[in-house]
Amino acid sequence: MAAVRTSSEVAANRLAIVAVLVVTIIFLAPIYWIASTAFKPRNLATTIPPTVVFQPEISPFVKLFTKRSQLRTPPTPEEYAAAPWWERVVFDGGEKIVRDGQGQVQWSGYPSRFLNSLIVAITSTILAVGMGTFTAYGFSRFKVKGEADLLFFILSTRMLPPVVVAIPMFLMYRAVGLNDSHLGLIILYTAFNLSFSVWLMKGFMDEIPKEYEEAALVDGYTRMEAFFKIVLPEAATGIAATAVFCFITAWNEYAFALIMTNRRAQTAPPFIPSQVGSGLPDWTVIAAGTFLFLLPVAIFTFLLRNHLLRGMSFGAIRK
Amino acid sequence: MAHIQLKNISKTFGNHTALSGLDLDIADGEFFVLLGETGAGKTTTLRLVAGLEKPTQGRVFIDGVDVADWGAAERDVALVLQQYSLYPRYTVRENLEFPLKSKLRRLPDAEIKDRVARAAKTLRIEHLLDRKTDRLSGGEMQRVSIGRAIVRKPRVFLMDEPLSALDAKLREALRTELKNLQIQLGATFLFVTHDQIEAMSMGDKVGVLNHGRIVQSGTPHEIYSNPRDTYVASFVGSPPMNLIDGKLVGGRAVMAPTAFELPLAGGTKAGVAAEGRPLVFGIRPEDVHLESGAPVEARVHDVENHGVEKILTLRVGDATLRATVPARTDVAIEQAVRFAWNPDKVVLFDKGSGINLRHAG
């Protein structure tokens, strides 16, 4: 429609664009800060005023993945020449990569923590969204005795700040041997997300006309087949939106991960700041760790962005 | 094809009684229309036959077999709804194939292809087969929906207001098509509608449903000319039957409180009705005539021109009644006219119960 616009409408439109730009910049600034610090040489990371123009380096990432120690004496020219490029950038920073007796490079704690984060977040998201979808379908389609009370009860699990139960949870987990285990964190995060997932999915399920499944039932399909063939594809948008939220919650969770895990099952959020601990913190390495940590959520959200946008306006576009 | 019987069916949802003591008998190969207002229990009846609801009381028989324990899939019925009748995300072809691909049927691919092709041809939707359902017009959607029913060759077709969401012209066209299709297939149809024109024009038999009960069941002609009670009389027909309070005095209808008199065809009718008992006289608008020498004078309150005919609203004192007259009749609003009725066509109802005296007892 080529509607005629008045000059005041044009002005309002421009103002809106400016406002969106300002808000976007405010939100992107910290991310830019982290990303740029991750590629800075160590001596430029903490300058005042901040360095904006610099020669990007890969050394923070090399340091992130390896175990290093302070060099007492500079490497001999032969040693330096024999070292691969990634070892040289560490030498340049006045450190050396720790090797074991066989000369194998020692990894830092980061890759395993990152892997732990992936395992815990993905598994708990699948569990929470899967169980939430089934539960929501049940609530949406069948007469459940005390439905309102049950739904309220499910929601009430979110009503107290999770940290309040951290100590009792820690004691219980220790008693049953779930502390510092993947399973323990997965159960915890699934429990966090389940109420949210049930409520969100209930809304989406209610929007899907039950006539579709009834038609499938009459057409000779079982309730289960109708659910998988007809309901699930229709609910894809809702499932995607719910999954993004559950994944973000599980991925970013800090307090419980800090309390419940220390080595074997530790996730990235408590690990990254723990590197600050000894000596002068190398902010470039911490920024590199944080930068990589941001990527999975960003990629996941980006892949599902169409579903997410439709999911947010779902109730509005249907009548 | 099947013979369907509902015996003494009651259905309650919580405190709400949808159906109470409903009896229904649909013969094999019959086009049965269930006619009623919104909330009368039409859709509930349909869902009970489909197996999507279980009756609180009473039994459903298909071909003489009690189907209480049969699920929707086993009853082998086809359902066509007013909306949401097609699977979204599927093409027309996939929609038509869907019921045939059920594990219950296990048809070979060639047979599926053949049946889909034949259904598409019958309904003239061959050019739409590869289209997604969200790119169809309302009429096309309902055609496909009917197609999904006929590919199955079900025992019964259940249709829940399939034409109600369509515009008038399309509705008329599909009405004829659907009726022809039923004759061609020789199938049993249970068709639910609130539109009495649909009921009258399509049904072999019509059941009028009110407050969860079948008030009257019969051929469209029976329902129209001899309604069982004042509800049916005022619900069926457009415009509806005129209903005027009055009494029978000496074989003549005496209207009260507005005093005017009209003759009745004597003998039987007058005999049944006790003299002086409060009655309701029913007369179809087409049986009210304007004549210069007619016994009663009235004023023209309103004139509706329908092309082939005019519908007049006449005022006699504080009673109003409608008359259908030929379009060429020249009348103006507030004009004084004289009218009479066709005494043979007058239907007498008991004032208290509303029951047609011919049906009573």
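The values are calculated or read from the model by the stated rules, or taken from the named source; none is laboratory data. In this text, all values refer to a predicted model and were calculated from it rather than measured experimentally. Cβ sites come from the backbone with ideal geometry, for glycine too, and all protein chains shown count toward neighbours.
In segment A:152-162 there is no residue matching the filter, namely being farther than 30 Å from A:I208 by Cβ, free of Cβ contacts under 8 Å to residues at least 60 places away in the same chain, part of a helix (DSSP H, G or I) and of a type in the set (A, V, I, L, M).
Within segment A:94-122, restricting attention to residues that are more than 13 Å from A:I248 (Cα to Cα) and within 15 Å of the chain's Cα centre (by Cα), the residue that is surrounded by the fewest Cβ atoms within 10 Å (Cβ to Cβ) is A:L115.
The selection criterion, being among the polar types (S, T, N, Q), more than 21 Å from A:L185 (Cα to Cα) and in a helix (DSSP H, G or I), does not hold for A:S124.
I'd like to check something: does segment B:70-82 contain any residue that is surrounded by 21 or more Cβ atoms within 10 Å (Cβ to Cβ) and either away from chain A (no Cβ under 14 Å) or of a type in the set (F, W, Y) (or both)? No, there is no match, as no residue in segment B:70-82 is surrounded by 21 or more Cβ atoms within 10 Å (Cβ to Cβ) and either away from chain A (no Cβ under 14 Å) or of a type in the set (F, W, Y) (or both). Can you find, within segment B:36-69, the residue that is surrounded by the fewest Cβ atoms within 10 Å (Cβ to Cβ) among those that are of a type in the set (G, A, S) and farther than 21 Å from A:E213 by Cα? This residue is B:G64. From the list A:V176, A:V129, A:V144, A:V164, the one residue that fits, being of a type in the set (V, I, T) and crowded, with 21+ Cβ neighbours inside 10 Å, is A:V129. Being more than 10 Å from chain B (Cβ to nearest Cβ) and either within 19 Å of B:P88 (Cβ to Cβ) or in contact with a helix residue (DSSP H, G or I) (Cβ under 6 Å, 6 or more places away or on another chain) (or both) is a property that does not hold for A:E214. Look at segment A:220-244: where a residue is closer than 28 Å to A:I299 by Cα and away from every other protein chain (no Cβ under 12 Å) and a partner is surrounded by fewer than 18 Cβ atoms within 10 Å (Cβ to Cβ) and among the hydroxyl-bearing types (S, T, Y), sitting 6+ places away or on another chain with Cβ atoms under 8 Å, you get A:V244/A:T301. Applying the criterion of being among the β-branched types (V, I, T) and under 15 Å from B:Q5 (Cβ atoms) to the residues of segment B:38-66, the residue that is nearest to the chain's Cα centre (by Cα) is B:T45.
Among residues of segment B:53-69 being free of Cβ contacts under 8 Å to residues at least 40 places away in the same chain and not aliphatic (A, V, I, L, M), the one that is nearest to the other protein chains (Cβ to nearest Cβ) is B:K54. Filter segment A:40-59 for residues that are small (G, A, S) and touching a Lys or Arg at 6+ places or on another chain (Cβ under 9 Å) and give the result. Across segment A:40-59, the qualifying residue is only A:S59. When you look at A:F65, is it assigned by TED's automatic domain parsing to the domain that holds A:T284, aromatic (F, W, Y) and either at pLDDT 85 or above or touching a Gly at 6+ places or on another chain (Cβ under 9 Å) (or both), yes or no? For A:F65, the condition - assigned by TED's automatic domain parsing to the domain that holds A:T284, aromatic (F, W, Y) and either at pLDDT 85 or above or touching a Gly at 6+ places or on another chain (Cβ under 9 Å) (or both) - is not met. Is it the case that some residue within segment B:98-109 is within 17 Å of B:F189 (Cβ to Cβ), within 13 Å of another protein chain (Cβ to nearest Cβ), assigned to a helix (DSSP H, G or I) and out of contact with any Gly (no Cβ under 6 Å at 6 or more places or on another chain)? Scanning segment B:98-109 turns up no residue that is within 17 Å of B:F189 (Cβ to Cβ), within 13 Å of another protein chain (Cβ to nearest Cβ), assigned to a helix (DSSP H, G or I) and out of contact with any Gly (no Cβ under 6 Å at 6 or more places or on another chain).
Conditions tested, residue by residue: (1) in the same structural domain as B:F32 (by TED's automatic domain parsing); (2) under 24 Å from B:V208 (Cα atoms); (3) at pLDDT 90 or above.
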position: B:R105; (1), (2), (3): yes, no, no
position: B:D114; (1), (2), (3): yes, no, yes
position: B:A117; (1), (2), (3): yes, no, yes
position: B:A168; (1), (2), (3): yes, yes, no
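Only residues that are over 27 Å from B:V232 (Cα atoms) and not aliphatic (A, V, I, L, M) were counted in segment B:181-208, giving 2.
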